[in-house]
Amino acid sequence: MATPVPVLRLPKGPDPHSRGFDPTSPRYIALCSTSITCSSSSHTDPEELKLEQRARSQLRERFLRCLMATRNKKVSLRLHGDVTVDATFGCCDIDVLNLQVSDLYTPIGVQKEALIRCQDVVSYTFQL
């Protein structure tokens with residue numbers, strides 16, 4: 001009899017139609033509330049809109065550069081219950097709710113690939 005193989009489902013990549021990029025979608029509104037004035041406001045000054053778009057663009061670029069810089073770096077994660085695990089950082093999903101890691105060293109063994117919920121992480125440290 002064949003040995004069963006565990007199935008790992010990774011988060012889907014960004015889809016501009018349903019993954020939170022539409023500012024009118026319920027998901028975007030729930031997850032991406034902002035203190036910056038809304039671009040859809042009818043009383044917004046065009047100059048203010050231009051500044052808002054520039055600020056958002058710079059923040060997106062910084063976030064993506066940070067993700068690129070941490071890819072394949074060793075990370076130490078401290079989880080609830082005073083558990084510390086070591087892994088190689090892969091990526092996070094678009095909502096930054098899950099982390100994908102490789103070679104996850106846990107107290108009970110090593111997992112080749114894993115998804116870690118961000119709400120379970122107390123702190124993390126990248127080893128440079």
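Here are a few things to note about the model shown:
- Estimated at 0.36 nm per residue, the fully extended path between LEU97 and VAL122 surpasses their Cα-Cα distance by 7.7 nm.
- Using a simple spin-label model with pseudo-atoms 7 Å out from Cα toward Cβ, GLN53 and VAL83 lie 4.7 nm apart.
- Counting only protein chain heavy atoms and rolling a 1.4 Å probe, the accessible areas of THR106, THR125 rank, largest first, as THR125, THR106.
- Positive-pole candidate from LEU128, LEU115, LEU97, dipole of segment 50-128, charges at beta carbon: LEU128
The values are calculated or read from the model by the stated rules, or taken from the named source; none is laboratory data. Here the structure is a predicted model, which is why all the values come from computation and not from measurement. So basically every Cβ, Gly included, is an ideal-geometry build from the backbone, and we count neighbours across all protein chains shown. To get the accessible areas, we keep the full protein, side chains included, count just its heavy atoms, and leave off ligands, DNA and RNA. Shrake-Rupley method; radii C 1.70, N 1.55, O 1.52, S 1.80 Å.
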